[in-house]
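Throughout, read-outs are computed from the coordinates displayed, never taken from laboratory work. Because the structure is predicted, anything quoted here is derived from the model rather than measured. So basically every Cβ, Gly included, is an ideal-geometry build from the backbone, and we count neighbours across all protein chains shown.
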Amino acid sequence: MNDLGEHSSVEELLSDASERACRYLEGLSGQRVFPGRDELLRLSRFGEALPENGVTPSKVLALLDECGSPATVASAGGRYFGFVTGGSLPIALAAQWLAAAWDQNACLRVMSPVSARIEDITNSWLRDLFGLSDGWAVGFVTGATMANFSALAAARHALLARLGWDVEAQGLFGAPSLRVVVGEDVHVSMLKALALAGFGRSRVEKVPIDAQGRMRADELPPLDARTIVCAQVGNVNTGACDPIDAICERSQEAGAWVHVDGAFGLWARASSRRAHLVRGIEHAQSLAMDCHKWLNVPYDCGVVFVRDEPALRAAMSLQAAYLPSESARQPGHYVPDASRRARAIEVWAALLSLGKRGLDEMIERSCRLAARFADGLLGGGAQILNEVVLNQVLVSFGTDDRTKRVINAVQEDGTCWCGGTEWRGSAAMRISVSCWATTEDDIDASIAAILHIASSVA
């Protein structure tokens with residue numbers, strides 16, 4: 001074994017890392033949610049010139065912990081409500097640690113039989129949770145942006161193949177034109193994925209939305225077999241879900257492809273009380289979601305689902321003389337990246353640990369806590385701008401100026417962290433309750449801090 005440095009065996013180093021990580025997690029409840037000025041200034045120690053001689057691993061780890069840990073955003077704790085960011089379930093974190101020690105390349109079965117087998121099982125579990133038939137293809141990617149891109153690549157292949165065009169071989173130069181239809185509140189990651197897939201951000205046809213940001217199915221333009229309709233479940237501001245059933249019905253009649261961006265909202269299907277919000281997802285042609293949001297596994301982990309398995313495989317597969325040619329499913333043929341970590345392992349661990357009932361309760365609990373947050377702020381004089389149907393709460397404190405000042409002061413205070421957004425031309429605070437570790441006490445402490453700050457902002 002290579003020398004790891006003075007007094008640093010593998011066991012000693014990993015034990016030290018484990019102790020430091022546990023100490024960090026145990027101290028989250030007493031830590032500012034966003035680091036203060038002193039903690040941020042200490043990050044300058046990372047900017048030193050690369051030394052001629054290496055530093056011992058134990059000292060490297062100590063520097064990372066002592067200067068890095070205090071400067072983290074405490075998104076793994078219970079009082080971070082920004083950007084629909086989940087924490088990490090302890091079992092998911094532990095599974096990722098072990099998988100990192102295995103250091104498997106999950107591209108091919110021959111490269112990692114264990115990760116391929118776990119991915120097969122996890123795919124089956126996810127299809128069952130979301131009511132999808134066995135024929136749906138599943139791929140593990142970095143997040144919803146890559147899941148959206150992968151689904152669009154499959155749609156691009158399928159629609160152009162109907163017109164006799166091999167897009168993987170011939171590209172888009174001279175290809176028959178395709179249409180893309182989105183709602184007016186389409187998420188920026190969807191637009192980015194459209195740009196990556198060659199469809200462009202501005203060539204989309206936008207459909208009017210209702211007061212909560214849901215696409216109006218009755219306002220869909222005439223559709224045809226050259227059209228991709230991009231719907232969403234889980235509006236990033238309100239949590240509202242497009243009427244997928246009605247959209248799919250209109251689209252199927254015309255032969256259009258329906259893709260659903262469900263980064264966090266798709267998990268409503270796992271809640272017995274919220275599943276109706278995403279009714280009809282099984283009738284779409286493709287879905288995208290994140291696992292590092294509501295499933296609370298570590299970053300980064302997303303999933304793409306495509307009904308037309310050959311279309312996804314055609315868009316994503318890679319071939320070379322040295323690659324296996326057997327018919328068994330090769331994970332790398334369903335995603336953009338070849339060298340890839342075994343993301344399915346922590347998803348498998350989280351799902352096995354929770355079971356269907358535990359997952360149902362975790363999703364439902366976040367929704368209940370979001371409603372508690374909204375009720376508490378409303379009772380304190382704030383305005384709630386959305387129907388709190390999932391885990392998103394939009395708040396106004398009167399004028400745009402006052403709302404922005406309250407948001408800035410809350411972020412500076414450190415009790416909790418909530419982001420800002422714009423809703424219908426006005427400033428708003430955006431609260432996302434997504435972490436398994438959040439408790440009623442966290443919600444109540446955050447409400448008290450926000451209302452106290454709001455009362456002091458003229």
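Which lysines, if any, have their Cα less than 23 Å from the Cα of K206, not counting same-chain residues under 8 positions apart?
K192
If contacts are Cα pairs under 8 angstrom and at least 6 residues apart, what is the relative contact order of the chain in percent? Display every interim value, and only then the final one.
Numbers: 850 pairs, mean separation 98.7, N = 458.
It comes to 22 percent, rounded to a whole number.
Post the alpha-carbon centroid distance, segment 33-61 to segment 149-202, in whole angstrom.
Computed from Cα coordinates, the inter-centre distance equals 43 Å.
If you average the sequence gap of Cα pairs under 8 Å that are 6 or more apart and divide by the length of segment 404-444, what percent do you get for the contact order?
Working: 29 pairs, mean separation 11.5, N = 41.
With pairs under 8 Å counted, the relative contact order is 28 percent.
Taking the Cα centre of segment 94-350 as origin, work out the dipole magnitude from +1 charges on Lys and Arg Cβ and -1 charges on Asp and Glu Cβ, in debye rounded to 20.
240
Set the Förster radius R0 to 45 Å, insert the Cβ-Cβ distance between A71 and E309 as r into 1/(1 + (r/R0)^6), and round the FRET efficiency to 0.05.
FRET efficiency, A71 to E309: 0.50.
How big is the Kirkwood radius of segment 284-375, worked out from every pair of different alpha carbons and given in Å to one decimal?
Computed over Cα pairs of segment 284-375, the Kirkwood hydrodynamic radius comes out at 15.8 Å.
Take every DSSP beta bridge with both residues inside the chain and express the antiparallel ones as a percent of the total, to the nearest 5.
So the antiparallel bridges in the chain amount to around 60 percent.
With a ≥ b ≥ c the root eigenvalues of the C-alpha gyration tensor of segment 94-350, is it rounded (a/c under 1.5), prolate (a/b larger than b/c) or oblate? Write out the running numbers ahead of the final one.
Working: a/c = 1.98, a/b = 1.26, b/c = 1.56.
Since a/c reaches 1.5 but b/c is at least a/b, the shape of segment 94-350 is classed as oblate.
Show the residues, 5+ positions off or on another chain, whose built amide H is closer than 5 Å to the amide H of V181.
Amide H neighbours of V181, under 5 Å, 5+ apart: E205, I228, V229, C230.
For the chain, which cysteines have no second Cys with its Cβ under 4.7 Å from theirs?
Within the chain, the cysteines lacking a partner Cβ under 4.7 Å are C22, C67, C107, C230, C241, C248, C367, C416, C418, C435.
Expressed in nm to one decimal, what extension gain is obtained for the pair F173 and E26 from 0.36 nm per residue of sequence separation less their Cα-Cα distance?
Working: separation 147, 0.36 × 147 = 52.92 nm, distance 5.57 nm.
The span from F173 to E26 would gain 47.3 nm if fully extended.
What share of Cα pairs, in percent, lie more than 16 angstrom apart in segment 359-456?
Roughly 51 percent, rounded to a whole number.
In the chain, if every C-alpha pair distance is counted and binned at 20 Å from zero, what percent goes to each bin?
Once binned at 20 Å, the Cα pair distances of the chain give 23, 52, 24, 1.
If you stretched the chain out fully between K404 and L196, how much longer would it get, using 0.36 nm times the residue separation minus the C-alpha to C-alpha distance? Write down the numbers at each step before the final one.
Numbers: separation 208, 0.36 × 208 = 74.88 nm, distance 3.34 nm.
Fully extending the segment from K404 to L196 adds 71.5 nm.
What is the fewest-to-most order of S58, S339 by other Cβ atoms lying within 10 Å of their Cβ? Spell out each step's value before the answer.
Working: S58 17, S339 9.
With the sparsest Cβ surroundings first, the list reads S339, S58.
Taking the Cβ of each residue in V141, V110 as the centre, tally the other Cβ atoms inside 10 Å and list the residues starting with the fewest.
If I rank by nearby Cβ atoms, fewest first, I get V110, V141.
Which of the peptides 234-240, 81-87 is most tightly packed, and how do the rest follow, judged by the mean count of other Cβ atoms within 10 Å per residue?
234-240, 81-87
Kindly identify segment 1-69 as rounded, prolate or oblate by the Cα gyration tensor criterion: order the square roots of the eigenvalues as a ≥ b ≥ c, call it rounded if a/c is under 1.5, otherwise compare a/b with b/c, prolate if a/b is larger, else oblate.
Taking the square roots of the gyration eigenvalues as a ≥ b ≥ c, segment 1-69 is oblate.
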